[in-house]
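Peer 1: Okay, here's the structure, questions in a sec.
The values are calculated or read from the model by the stated rules, or taken from the named source; none is laboratory data. For clarity, every value in this text was computed on a predicted model and none was experimentally measured. FYI the Cβ positions are ideal-geometry reconstructions off the backbone, even for glycines, and counts take in every protein chain you see. Note: accessible area is taken over every heavy atom of the protein model, side chains too, but ligands, DNA and RNA are not part of it. Shrake-Rupley method; radii C 1.70, N 1.55, O 1.52, S 1.80 Å.
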Amino acid sequence: MPWFLYLIECSDDSIYTGITVDVDARYQKHLNGTGARYTRSRPPRRLLATFELADRSSASKAEYRVKRLSPAQKRALAQGQIELPMPDVAHDEMPDETPLAEMVAQAEPT
């Protein structure tokens, strides 16, 4: 069963990152105030992006890495300017982060 990582833009311009198997249902919970505590105090403005992943483990690992990104990097990810940071499958670690940093630097306005 696929899992999804999703990004929500909140009313204070912050970006909430989460995972679920049903993005529509989960987003409705955020809108209704029954989702995460974070989005109860910062109501969702819009769903920015979703990414399909193979399983919960992959989704959780991707979520961890995306939560480490800056808001500008998350926006670049949502716009397709950078790729979803995924671990090196053989070592379950991030590959060299230099290419990601370079892509983000190119995507950010000067």
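Peer 1: Is there a residue in region 9-31 that is in contact with a Lys or Arg (Cβ under 6 Å, 6 or more places away or on another chain) and in contact (Cβ under 8 Å) with a residue 60 or more places away in the chain?
Peer 2: Yes, there is a match, as at least one residue in region 9-31 is in contact with a Lys or Arg (Cβ under 6 Å, 6 or more places away or on another chain) and in contact (Cβ under 8 Å) with a residue 60 or more places away in the chain.
Peer 1: Filter region 75-110 down to the residues that are of a type in the set (A, V, I, L, M), assigned to a loop (DSSP other than H, G, I, E, B) and at pLDDT below 70 and list them by number.
Peer 2: Val89, Ala90, Met94 - these are the residues of region 75-110 that are of a type in the set (A, V, I, L, M), assigned to a loop (DSSP other than H, G, I, E, B) and at pLDDT below 70.
Peer 1: Within region 1-59, which residues are aromatic (Phe, Trp, Tyr) and within 23 Å of Ala72 (Cα to Cα)?
Peer 2: Phe4, Tyr6, Tyr16, Tyr27, Tyr38, Phe51
Peer 1: Residue by residue through region 64-77, note down the ones that are closer than 12 Å to Tyr16 by Cα and crowded, with 18+ Cβ neighbours inside 10 Å.
Peer 2: Val66, Leu69, Lys74, Arg75
Peer 1: Let me ask you something else. Which of the residues that make up region 45-63 are open to solvent by 50 Å² or more (accessible area, probe 1.4 Å) and of a type in the set (Asp, Glu)?
Peer 2: Glu52, Asp55
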